[in-house]
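Have a look at the structure below, then the notes.
The values are calculated or read from the model by the stated rules, or taken from the named source; none is laboratory data. Only a predicted model underlies this, so the values are computations on that prediction, with no experimental measurement involved. Methodologically, a virtual Cβ is constructed for each residue, glycine included, from the backbone with ideal geometry; neighbour enumeration extends over all protein chains shown.
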Amino acid sequence: YLGRRFDVVLDWELLDDAQAYIEDSMSGTAATAAAVGAVVLALLLVAGPALAAVRLGHLLARHRSRATRGVLVAGTVWITCAALGLQVSGVPVASDRAADALRAQARRAVDTLRDEAAFAKEARADAFGATPPEQLVPDLRGKDVVFAFIESYGRAAVEDPLVAPGVIRTLDTHTEALARAGYHARSGWLTSATFGGSSWLGHSTALSGLWIDNQQRYRTVTGGDRLTLTKAFQKTGAWDTVGVMPGVQKGWPEAKWYGLDKVYDAFDLGYRGPKFSWSTMPDQYALEAFERLEHGRARDRPLMSEVILTSSHQPWAPLPELVGWDELGDGSVFDAVRKDGRKSADVIADTAASRREYGRSIQYSVTSLLQWLERYGTDDTVLVFLGDHQPIARVSGHRASRDVPVSIVAKDPAVLEKIADWNWTEGLRPSEDAPVWRMDAFRDRFLRAYGSVPHPTGG
């Protein structure tokens, strides 16, 4: 469904997230039915072949001579068909695909276990691990820096024929509006470590400088002391650091690893309106709450923030609509919006509808973020925003890349001059031939661009 392979060792713990997603997207009844169905299917996969083997054994025992001849004939036919590659309507008459799949999973399991130790050593080798605080991001001192991730904001959003026109129009409109307000932007591409879901793998890859493409790597790196991009700001002592995480609904110990002094989760932002499928609140409200609680407050030193925007999370129905910023209140204004929205069950299995609503969700999230910047940004605001991964294969395609857009926006010309040699595209929309980097390259490039001096720690 997501469009990526299943890891038999690492992906089991995502089953509870899958159930929660079904409950949020469809209903609690559907989630319970899916869970019961999964258990019954698992039991049948074990019991069915066992019962069939017993029944077949009894049958063969009663007809021993004929069974022996039948097995010899069937075996000969099978081997011949397999050797010749005979097919009927494109389907092999004799296939060892199941055995091949089993062998591949076994090899993958072994590789996964071997990878753990190698990755732990790699994580300890940090080009900036021993950099003194005064030598971290000195060229951004005094700036309010915001790192914003937009859920599922992938390359498909600006290149898919059905989705792109509306998203491109949104990006170009805001490029012009920001320019009138004195802001300018540069944009490129990053290749995400994940696809279709598991957003935390994209977040941690971008901010840690490590390729975190599975749950084991995520557990390993978050259990260590790797310097994240956000922690670099905290380490300097020159910034207050906060996280706005409307998708977090339970304990989140990773806040310490990310270097966040304060985290606002789904229950800390004062929202009293309805959920929109998986998303606990509209992005516009989350940004207004961020302004009220942190960004708009008088403070003695600048602010570094990590903001996760969730309104563009699948299944993209119902979707919030923009309201007047002064009308947001406690979010109750969205009750009517949600009531009038599409039902997720009507979209989740419809490819064309999913693509259309996905495009609308990206337009909403991007517009919310950039209207917030136009409304509340200052001469010292620096906004870095990017996608965490491409949307599911139903929307982006089964052969889609893992690329996501990334943009840096600022008023101070010196901020963008520091990245002039990156050759990124002017504006909020990266060109098709703009540079493409692996997402794990972003941390070190960003730190170096803004004056950080490498002091490595060993592996």
Report the residue count in segment 49-71 for those that are under 30 Å from Ala18 (Cα atoms) and modelled with pLDDT of 70 or more. 1
Within segment 238-254, how many residues turn out to be modelled with pLDDT under 95 and either hydrophobic (A, V, I, L, M, F, W, C) or assigned to a loop (DSSP other than H, G, I, E, B) (or both)? 7
Here are Val110, Val146: which of them is at pLDDT 90 or above, of a type in the set (A, V, I, L, M) and either farther than 19 Å from Trp211 by Cβ or part of a helix (DSSP H, G or I) (or both)? Val146
Tally time: how many residues in segment 276-290 are out of contact with any helix residue (DSSP H, G or I) (no Cβ under 7 Å at 6 or more places or on another chain), farther than 13 Å from Ser312 by Cα and not hydroxyl-bearing (Ser, Thr, Tyr)? 3
I'd like to check something: does segment 398-413 contain any residue that is in a strand (DSSP E or B), among the aliphatic types (A, V, I, L, M) and over 26 Å from Ala286 (Cβ atoms)? no
Mind listing whichever residues of segment 170-189 are in contact (Cβ under 8 Å) with a residue 60 or more places away in the chain and more than 23 Å from Ile419 (Cα to Cα)? Thr170
Can you pull out every residue in segment 171-205 that is of a type in the set (S, T, N, Q), touching a Lys or Arg at 6+ places or on another chain (Cβ under 8 Å) and within 23 Å of Ala127 (Cβ to Cβ)? Thr191, Ser192
Taking the criterion of being among the small types (Gly, Ala, Ser) and crowded, with 24+ Cβ neighbours inside 10 Å, would at least one residue in segment 379-393 satisfy it? yes
Residue by residue through segment 206-237, note down the ones that are within 15 Å of Ala120 (Cβ to Cβ), among the hydroxyl-bearing types (Ser, Thr, Tyr) and either at pLDDT 95 or above or touching a Cys at 6+ places or on another chain (Cβ under 7 Å) (or both). Ser208
So Lys262 fits all but one of (1) modelled with pLDDT of 95 or more; (2) surrounded by 15 or more Cβ atoms within 10 Å (Cβ to Cβ); what number is the exception? (2)
Do the conditions hold for Ser365, that is, is it in contact with a Ser or Thr (Cβ under 8 Å, 6 or more places away or on another chain) and modelled with pLDDT of 95 or more? yes
Members of segment 186-219 that are among the β-branched types (Val, Ile, Thr), buried (at least 24 other Cβ atoms within 10 Å of the Cβ) and within 28 Å of Gln371 (Cα to Cα): Thr205
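Conditions tested, residue by residue: (1) farther than 26 Å from Asp380 by Cα; (2) at pLDDT 95 or above; (3) surrounded by 19 or more Cβ atoms within 10 Å (Cβ to Cβ).
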| position | (1), (2), (3) |
| --- | --- |
| Ile419 | no, yes, no |
| Asn423 | no, yes, no |
| Leu428 | no, yes, yes |
| Glu432 | yes, no, no |
| Trp437 | yes, yes, no |
| Arg445 | no, yes, no |
| Tyr450 | no, yes, yes |
| Pro456 | yes, no, no |
Provide a single number: the residues in segment 255-270 that are part of a loop (DSSP other than H, G, I, E, B) and out of contact with any strand residue (DSSP E or B) (no Cβ under 7 Å at 6 or more places or on another chain). 6
Do the conditions hold for Val395, that is, is it out of contact with any Cys (no Cβ under 8 Å at 6 or more places or on another chain), farther than 29 Å from His313 by Cβ, of a type in the set (A, V, I, L, M, F, W, C) and outside any strand (DSSP E or B)? no
Only residues that are of a type in the set (A, V, I, L, M, F, W, C) and either surrounded by 14 or more Cβ atoms within 10 Å (Cβ to Cβ) or not in a helix (DSSP H, G or I) (or both): list them for segment 162-185, please. Leu162, Val163, Ala164, Val167, Ile168, Leu171, Ala177, Leu178, Ala181, Ala185
Residue among Leu369, Leu373, Leu428, Leu386 that is within 25 Å of Ala164 (Cβ to Cβ), among the hydrophobic types (A, V, I, L, M, F, W, C) and assigned to a strand (DSSP E or B): Leu386
Kindly indicate whether Thr222 is surrounded by 23 or more Cβ atoms within 10 Å (Cβ to Cβ) and within 20 Å of the chain's Cα centre (by Cα). no
